[in-house]
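Since the structure comes first, as structure tokens, the remarks are kept for the end.
The values are calculated or read from the model by the stated rules, or taken from the named source; none is laboratory data. Just so it is clear, the model here is predicted, and its values are computed rather than measured. Cβ placement follows ideal geometry from the backbone for every residue including glycine, while neighbour counts extend to all protein chains displayed.
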There are 2 protein chains.
Amino acid sequence: MTATLIDGKAISDTIKQEVKSALETLVPQAGRPPGLAVVLVGDDPASASYVRGKRKTCAALGITSIAHDLDASTDRDTVLGLVRSLNDDDAVDAILVQSPLPPHLDEHEVVNLISPDKDVDGFHPVNVGKLLIGEPTFVSCTPAGVQELLARSGVETRGAHVVIVGRSTIVGKPLAALLMQKADGADATVTVCHSRTRHLAEIARTADILVAAIGRARFVTADMVRPGAVVIDVGVNRVEDASAKRGYRLVGDVDFDAVVEVASKITPVPGGVGPMTIAMLMRNTLTAYRRRCGL
Amino acid sequence: MTATLIDGKAISDTIKQEVKSALETLVPQAGRPPGLAVVLVGDDPASASYVRGKRKTCAALGITSIAHDLDASTDRDTVLGLVRSLNDDDAVDAILVQSPLPPHLDEHEVVNLISPDKDVDGFHPVNVGKLLIGEPTFVSCTPAGVQELLARSGVETRGAHVVIVGRSTIVGKPLAALLMQKADGADATVTVCHSRTRHLAEIARTADILVAAIGRARFVTADMVRPGAVVIDVGVNRVEDASAKRGYRLVGDVDFDAVVEVASKITPVPGGVGPMTIAMLMRNTLTAYRRRCGL
């Protein structure tokens, strides 16, 4: 068997186009475009690159991106004060504080201050809680992107056994909460595995849908995948590669070359889950905008 | 094999005694006892009985129970106004609104209005979210009780495979969130099964610890239990019994008589998880009191 590729790039382009089309109708009604404030503290190159991508996508879709680039040494009060002013700013529908923050800032404290109605990253405890309870909320972008990838690739989650390897607060835990709900695009039997899991390969092999989100290059090997399973690779890891221009290349948490021969569908890295995250951020921003404008 | 019984009554008595002892030291320092406000709307007999039990336990431990018994027809504004006034009342450390509410009241709306700092039921989205994220919070009483039963019975959860049958907002989902955390008394591989799960018996048989929380009498049969597994029965179901005084008796979600021969440890119904719920409520009330008094 050679698995079908799930094309995250194409699916994310479709979603971005949907957001753009919706805005073409909504913006004239609202009389103003949506505003997404993106706060970047410090000069981590990966963070700067993510933020550039988000701002560029905003521009392409008709969303006003409001840039707040702060020096790495910015003090707590200044950051908290900025979040408060963005909460109060009527032109700001959505707020994103790029993670990680410099170590002198408490990430929980900053995120917990964002108005839940503008928390398009879905990281505020109120939104995480609503996700687990099953109330409508902003679902954080990567889990939402995984769900959307599955739905748009015709993968049925209802009654399927989803095994998630990794229990991060950004991916594993919220994705488990999302997929166990009694709801369309969910309704799965969900297992969460992690560093303490015994018999990991055996459990992984029971999965109809296997999600790798541990942040370890090529951790999921072919013997951990049931023939015909759907494999979603959330990992993005740098591995040295002398032949590559930058001296490294990006690989996922899945040993792609081997697993592609076992799975029925699989996401590549790059071009799988990655592009979905920005697309879902745009969709969450659209949702925040609609709610705030009553449209 | 005949399983050892996990004596929830005895363990809950120990916890209540611990709360009582702590209060004997703390109350003189604080200059006032803790206050738990219990709001009961309507006259559902089961709810009234639960509330009586909670108030009685408060009295025994030195917690002031503040009763608000409202007529079933009480309107929305009155209930919301009462919650607001309890939030603002300095003598009230903890607030509990007994579920279910009459159908004209929106339970989410009422719970979401309770100050998260006084939400000893752990049902407010902020507290549910913190639970999933892994921040300190009020863990809702039944999941917390299950965790405590396991810990005090010497059952190691770290690395164990916990299969939870049932995905209710009160038990299954928060218990999954609790036990998957990287933390003492947790750190388990967690699977959540439900009505849509395929191969339920097969999955249940992979459990080191099997938790039944579906609300169906004797649903978990011996063939669903791996020999030597620990079985926690959260269910409380009425079954007709002509020989019983009231015409019914209470049974769990587990077919106890058969499963006791297969499991290594098991909770009885009644006398297992049930008594833990009130004990954990008392402990959450103690925690709320300590925080509010800074002790």
Residue list for segment A:81-133, filter: touching a Pro at 6+ places or on another chain (Cβ under 8 Å), among the small types (Gly, Ala, Ser) and within 14 Å of chain B (Cβ to nearest Cβ): A:GLY122, A:GLY129
Pairs with Cβ under 9 Å, 6+ apart, first in segment B:168-182 and under 16 Å from B:ARG158 (Cβ atoms), second modelled with pLDDT under 95 and charged (D, E, K, R): none
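Quick check on my filter: what residues within segment A:19-45 are closer than 20 Å to A:VAL111 by Cα and of a type in the set (Gly, Ala, Ser)?
Residues of segment A:19-45 that are closer than 20 Å to A:VAL111 by Cα, as a first pass: A:35-44.
Across segment A:19-45, the qualifying residues are A:GLY35, A:ALA37, A:GLY42.
Given the residues A:VAL38, A:VAL83, A:VAL92, which is the only one that is farther than 23 Å from A:VAL236 by Cβ, β-branched (Val, Ile, Thr) and outside any helix (DSSP H, G or I)? Can you show your working first?
Details: A:VAL38 fails: farther than 23 Å from A:VAL236 by Cβ; A:VAL83 fails: outside any helix (DSSP H, G or I).
Among A:VAL38, A:VAL83, A:VAL92, only A:VAL92 is farther than 23 Å from A:VAL236 by Cβ, β-branched (Val, Ile, Thr) and outside any helix (DSSP H, G or I).
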Residues of segment B:135-191 satisfying the condition of being assigned to a strand (DSSP E or B) and more than 11 Å from every other protein chain (Cβ to nearest Cβ): none
Members of segment A:1-35 that are of a type in the set (S, T, N, Q) and part of a helix (DSSP H, G or I): A:SER12, A:THR14, A:GLN17, A:SER21, A:THR25, A:GLN29
Qualifying residue in segment B:9-21 (condition: surrounded by fewer than 16 Cβ atoms within 10 Å (Cβ to Cβ), out of contact with any Pro (no Cβ under 8 Å at 6 or more places or on another chain), under 26 Å from B:ILE232 (Cα atoms) and β-branched (Val, Ile, Thr)): yes
